[in-house]
Each structure stands twice: as C-alpha cells, then as structure tokens.
Amino acid sequence: GKMINAVFEGISSALEKGDSISLIGFGSFKTVERCAREGRNPRTGEKLHIPASKAIKFTTGKALKQRVQ
C-alpha cells in the first residue's frame, strides 16, 4: 500500500508542476489548459460564464489498448 501511495504522490506532484508522466505500456498523463467559455444551465437555459481551468488528460498506451480490445 505504501508503494502505491508513493507512486500516486509522485504522479500528482509531477502533474502539479506541469510535467507529463508516461507509464510504458499503460498510458500517459498530462495537464491541459481549458479556455474560458460560455455555457448554459441545462435546467433554466440561462447563459453563464465558465472560467479558464486546468484539467488532467489520460491517453492509453498501445499495450493497454490491445489488451482491452
């Protein structure tokens, strides 16, 4: 359990700094910037402003894709 927590902490720290992480055969994580945009409240239809933000993107590796298919 401690090793898994250490791996997750390392991934989280790297993403926080803006670095990307590649786990060969599994996939890669990176941070992406989302621009500010205008959205709508689905219940009322009212327009609202969605501020710019950062998000984490995961891309699966070739070996993982092949195992799942």
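For the chain, with all protein chains present and a 1.4 Å probe, just round the carbon and sulfur fraction of the accessible area to a whole percent.
55 percent
Would you mind checking the tilt of helix 2-17 against the longest principal axis of the Cα atoms of the chain, expressed as 0 to 90 degrees and rounded to 10?
50 degrees
Going through the chain, which trypsin sites (Lys or Arg not before Pro) have at most 13 other Cβ atoms within 10 Å and a DSSP loop state?
Loop-located and lightly packed - Arg43.
In debye to the nearest 20, how big a dipole does the chain give about its Cα centre with +1 on each Lys and Arg Cβ and -1 on each Asp and Glu Cβ?
280 debye
Would you list Ser28, Ser12 from the most to the least accessible area, probe 1.4 Å?
Ser12, Ser28
So what are the ³J(HN,Hα) numbers for region 20-26, from phi and the Karplus equation (6.51, -1.76, 1.60; θ = phi - 60°), rounded to whole Hz, Gly and Pro as x?
For region 20-26, the Karplus-derived couplings read 9, 10, 10, 10, 3, x, 9 Hz, x marking Gly and Pro.
Just to confirm the filter: which chymotrypsin sites (Phe, Trp or Tyr not before Pro) across region 2-68 are DSSP coil and have at most 16 other Cβ within 10 angstrom of their Cβ?
Answer by residue number: Phe26.
Taking H as built 1.01 Å from N, whose amide H comes closer than 5 Å to the amide H of Gly27, not counting residues under 5 places away?
Gly61
Using θ = phi - 60° and the Karplus form 6.51 cos²θ - 1.76 cosθ + 1.60, what ³J(HN,Hα) does each residue of region 39-56 get, whole Hz, x for Gly and Pro?
Coupling constants for region 39-56: x, 9, 6, x, 7, 9, x, 5, 6, 8, 8, 9, x, 5, 7, 10, 9, 9 Hz.
Among Gln69, His49, Ser22, whose Cα sits farthest toward the positive end of the charge dipole of the chain (+1 at Cβ of Lys/Arg, -1 at Cβ of Asp/Glu, about the Cα centre)?
Result: Gln69, furthest along the dipole toward the positive end.
So what's the chain giving for Rg/Rh, alpha carbon basis, Kirkwood Rh from the mean inverse pair distance?
So for the chain, dividing Rg by the Kirkwood Rh gives 1.16.
The values are calculated or read from the model by the stated rules, or taken from the named source; none is laboratory data. Note that the structure is a prediction, hence the values are computed from the model and not measured. Note: ideal-geometry Cβ built from the backbone for every residue, glycine included; neighbour counts use all protein chains shown. The protein model used for the area step is the full one, side chains on, heavy atoms only, and it has no ligands, DNA or RNA in it. Shrake-Rupley method; radii C 1.70, N 1.55, O 1.52, S 1.80 Å.
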